[in-house]
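The structure under discussion appears below in the form of structure tokens.
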Amino acid sequence: MASDREQDAEIALAMATSTNKFARLVRMMMLIKRWTTGQIQQETEERLDDRNMLMFKFFETIAGTKNLSIIGNHQEESMSWFKWTTGQNQQETEERLDDRNMLMFKFFETVAGTKNLSIIGNHQEESMSWFNKIWHLSINETNNFYYRWSAIVMLSCIYNLVLIPVMIFAEFRQSYYKPWLVANAITDVVNLFDILIQSKREFMEDGVCITEPKAMLVKYFKSRDFILDLLSVTPSDLVMLIFPNLAFVRLNRLLKIHRIFDFMERTEIRTNFPHLFRLLRLIVVCFVIFHWNACVYFLLSILYGYQDSEMEDWVFSYEKILDPLLPKCNNRLYAGTCLFDEDGLDAHERHTYVDELLDFWEPKKYVREFSNLTKKYSLSFYWSSLTLVNLGEQPSPTQLSQMLFEIVDTLLGLVIFAIIVGDIGNMVTSMNLARSTFEEKKDGCKRYMRFRKVNQVLERKVVEWFEYTWTRGQAKVDESKIVEYLPSRLHGQMSVQIHMDTIRKVRLFQDCEAGLLYELVLRLHLQIFSPGDYICRKGDVGKDCEAGLLYELVLRLHLQIFSPGDYICRKGDVGKEMYIIKRGCLEVVSPDGLKVFATLNEGAVFGELSILNIPGNKNGNRRTASIRAVGYSDLYVLTKDDLWDAIREFPDAKKSLIDKGKEILRKDNLLKESDDEAELSDMEIEGIPIEERLSKIRKNLYKLEETINKYASSFHGGNAEMKRRITQLEQRYKTRKHSIQGLYSNMNIDF
Ligand SMILES: Nc1ncnc2c1ncn2[C@@H]1O[C@@H]2COP(=O)(O)O[C@H]2[C@H]1O
């Protein structure tokens, strides 16, 4: 290695002293090549111990290459984009070796302990060429790169959309022709590059993301977008070499206008400020329409000649924009130095000294002149916007084409005006939708309370509850609606993230591990899976049932808010729900509410004892205590049915829950210990009383009976029909016996 380094130093020195640019370039390339290949070899050598190094050197000699290296995980990490190359290299390496060397190669593979051995030489450089990298590139349209690239394409489209018509203004053409050409070139490069990007876009086929280069290319080439993209980059500008002022030849660039809408759609989905975005979009769309209309107006003015036009003419006229006269004095309030002294003069009789006044101001004024381009564009834009929104009076058109243009503008204006008003109306409505829905509910509730003559204390309490839910943000979203429009799997993942922390704090569920939360037994209704999702995995059921149980429970939780002093449950009531405290403080109190036994805080669970149907519970399914809210309390509620629905599929978890419940009851001396516990019916443990189960079985029996009767009657009907048809056939056979027998006599069929 030392001699290599010396050679490198020599090359570097020669390069520095060389005056010949070409020689310097060639040497520099050599140096880079040596460095890169040398580095790979050095890394390989560093990764081998002495014994393996001996083998490595030995194999280098046999293989007849100096650039042997080991490509293992190390390289894979740094080359995640091109993982495929390692496999390919190995295959190619194997192809380049004869049998004897192959044996050594395999042997060395074993010694070196890597499967990804390959020979890296010029060959790899070839296979890793830029073409290959680009060829295997695939772009997912949902990622940030594509979104940012769409933004660049959108800017280029907007540039063309705005600048193409502006070229009718002669002053603009003269002043900005070169910058315009440069900007055009940049946008054209963007458009060209976009063709490449589009051809690398992944797409979905039968729900599978296709990343195969050829397929992506074919898909793009066959699409309508490709034709539009191709037409939009056609170098129509070349016409301008002959007619430099013919800027409209670039109109084909507008064929990419659909990319603006594409970007807007993506932004609308991504943005956190959709209303603001929609407002901005409306403004941009209006601006572009007004702008084009203004340019067409000025084009008509050119056609009809505007140089000598006057104030009353329909076309543009310089007279319509006057340059303002401004006073030169910096401080006009400072009487004596600047202001005309009107002391002792009657301001109502100014006409008597107006000449004197004009003489005074004549040397003290200057004209603020606007450029012709500014005048032309601003007046045209003003005319355009006033006409399109049907506001303000304009000079009447005098020519047929002017009238036609006005008519089209008026119609277009009506549509635009309606869209603007409608869009803004919608925006305002949806911005206030949450608030107005909330107000509607609150007002409805108030009306109901007044109608039912609810006392004022309770009314006040209800109103305060509404206010609390609004300030806490609870009323701004309708959580139950979210379940309706989200696929159940995504809703499940969201619920896990939102509620899992709380449910983990619950002592009753404390031993349940997280683990494979997302690998769950799926329910029997339509679900949409994302690419890479596992539908099920080997050993799912029973393997981690407690995690599954937590998931099932989390899905069933819903939030309720209680006001201060509210009783959540009272001793002796039949238990139908259990609660988990998300926020707030509650008290376990005596039935009269005077004695406080315990205080429950965030993460505490209560109400579980009466719904678990614990065998031996002295209170049965009755509440063992009363629970009262101290302040506003946010509680997750889990109904008895939901709990039992969830735990039915997890027998181990069910047993452990009941055992924990028993422990709690035992502590409070509320458990009747009994030896004949086994006698307790399984049905009761299942959470449904026997009577209820019996009635369910009876109902199912009725249903079964009905179904059997239906099938029996259809069977009898079918049977009779069959008999009828066989009889019919027999009769026909009897009448045509001879002809049938003659027909089949050749076939030796015995009738
Ligand atoms: N001493 C106590 N300390 C804390 N919580 C209690 C106490 N006694 C009863 N509870 C809870 O209060 C709930 C009342 O309804 P349950 O009997 O269903 O379940 C009860 C327990 O969860």
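Points worth noting:
- Ranking Cys157, Cys209 by solvent-accessible area of protein heavy atoms (1.4 Å probe, all protein chains present), from largest to smallest, gives Cys209, Cys157.
- Radius ratio Rg over Rh of the stretch 170-273, counting only Cα atoms, Kirkwood formula for Rh: 1.09
- Under Karplus coefficients 6.51, -1.76 and 1.60, residue-wise ³J(HN,Hα) of the stretch 565-570 in Hz, glycine/proline x: x, 5, 8, 7, 8, 10
- Relative counts (whole %) of C-alpha pair distances in the stretch 367-496, using bins that are 5 Å wide: 2, 8, 10, 10, 9, 9, 7, 7, 7, 7, 8, 7, 6, 3, 1, 0
- Full extension of the segment from Glu268 to Arg725, taken as 0.36 nm per residue of separation minus the current Cα-Cα distance, would add 157.8 nm.
- Using the Cα coordinates of the stretch 698-751, the gyration tensor eigenvalues translate into equivalent-ellipsoid semi-axes of 45, 11, 5 Å, sorted from longest to shortest.
- For Ser739, the solvent-accessible surface computed with a 1.4 Å probe is close to 70 Å², ligands and nucleic acids excluded.
- Gain on full extension, evaluated as 0.36 nm per residue between Val189 and Tyr366 minus their Cα-Cα distance, stands at 59.0 nm.
- Accessible surface, the stretch 144-270, averaged per residue in Å² (probe 1.4 Å): 54
- Here the stretch 549-589 exposes an accessible surface that is 44 percent carbon and sulfur, computed with a 1.4 Å probe and the other protein chains kept in place.
- Between the stretch 300-322 and the stretch 152-227, the Cα center-to-center distance that results, in Å: 38
- Simple Cβ-charge dipole of the stretch 407-470, Lys/Arg +1 and Asp/Glu -1, about Cα centre, in debye nearest 20: 700
- Sorting Ile580, Ile152, Ile195, Ile708 on solvent-accessible area from highest to lowest, probe radius 1.4 Å, gives Ile708, Ile152, Ile195, Ile580.
- In this view, the solvent-accessible surface of Arg201, computed with a 1.4 Å probe and all protein chains in place, comes to about 60 Å².
- Between Leu326 and Asp573, the modelled labels are 7.6 nm apart [label points 7 Å from Cα along Cα→Cβ].
- Taking a sphere under 9 Å around the Cβ of Val462 and counting the other residues whose Cβ falls inside, with K and R at +1 and D and E at -1, yields a net charge of +2.
- FRET efficiency, 1/(1 + (r/R0)^6) with R0 60 Å, evaluated for Leu181 and Met494 via beta carbons: 0.70
- Summed residue charge, Cβ within 13 Å of Glu439's Cβ, Lys/Arg positive, Asp/Glu negative: +3
- Once backbone amide H atoms are built at 1.01 Å from N, Glu202 has Ile139, Asn140, Glu141 as its partners under 5 Å, excluding neighbours fewer than 5 places away on the same chain.
- Take the Cα of Ile424, step 7 Å toward its Cβ, do the same at Trp470, and the gap between the two points is 2.6 nm.
- A cut-off under 10 angstrom between Cβ atoms defines the neighbours of Leu557, and their net charge, with Lys, Arg +1 and Asp, Glu -1, is +1.
- Compared with the alpha-carbon gap, the fully stretched path from Arg452 to Asp355 is longer by 26.7 nm at 0.36 nm per residue.
- When each of Lys662/Lys699; Lys654/Lys696; Lys703/Lys723; Lys461/Lys660; Lys461/Lys618; Lys476/Lys576 is checked by Cα-Cα distance, pairs over 26 Å: Lys662/Lys699; Lys703/Lys723; Lys461/Lys660; Lys461/Lys618; Lys476/Lys576
The values are calculated or read from the model by the stated rules, or taken from the named source; none is laboratory data. This structure is a prediction, so every number in the text was calculated from the model and none was measured. Counting neighbours? That spans all protein chains shown, and the Cβs are built from the backbone with ideal geometry, glycine included. Note: areas computed on protein heavy atoms with side chains; ligands, DNA, RNA excluded. Shrake-Rupley method; radii C 1.70, N 1.55, O 1.52, S 1.80 Å.
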